[in-house]
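Working notes, structure below.
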Amino acid sequence: MVEAFQALCTQDPIFNDSVRSTTKTVGATGYRLSAWGAALAATLQTHVRIPALSSDRKSISFG
């Protein structure tokens, strides 16, 4: 899992920026949760419920 997180930080500039520069916006939080959920599911080879950012970018939900 550590390797998956490190890969996101080095290979996904949007993820890296959302972790380093802003952790308070709904958009950045939604992107972080979505990207990390996908990486976690791939690493664990299992289904992970990944929250999604609403179309108006004002909320995050599990749909």
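The values are calculated or read from the model by the stated rules, or taken from the named source; none is laboratory data. Here the structure is a predicted model, which means the values were calculated and not measured. Note that each Cβ is placed from the backbone with ideal geometry, even for glycine, and that neighbours are counted across all protein chains shown.
Before moving on, here are some points about what is shown:
- Here the condition is being in contact with a strand residue (DSSP E or B) (Cβ under 6 Å, 6 or more places away or on another chain) and surrounded by 15 or more Cβ atoms within 10 Å (Cβ to Cβ); of Leu40, Leu53, Leu8, it holds for Leu53 alone.
- Filter result for Gln45 (at positive phi, of a type outside the set (Phe, Trp, Tyr) and over 10 Å from the mean Cα position of the chain (by Cα)): yes
- For the condition without any contact (Cβ under 8 Å) to a residue 60 or more places away in the chain, over 12 Å from the mean Cα position of the chain (by Cα) and at positive phi, Arg57 qualifies.
- Restricting attention to region 12-41, the residues being modelled with pLDDT of 90 or more and either assigned to a loop (DSSP other than H, G, I, E, B) or more than 13 Å from the chain's Cα centre (by Cα) (or both) number 1.
- All positions within region 13-63 that are within 21 Å of Val2 (Cα to Cα) and among the aromatic types (Phe, Trp, Tyr): Phe15, Tyr31, Trp36
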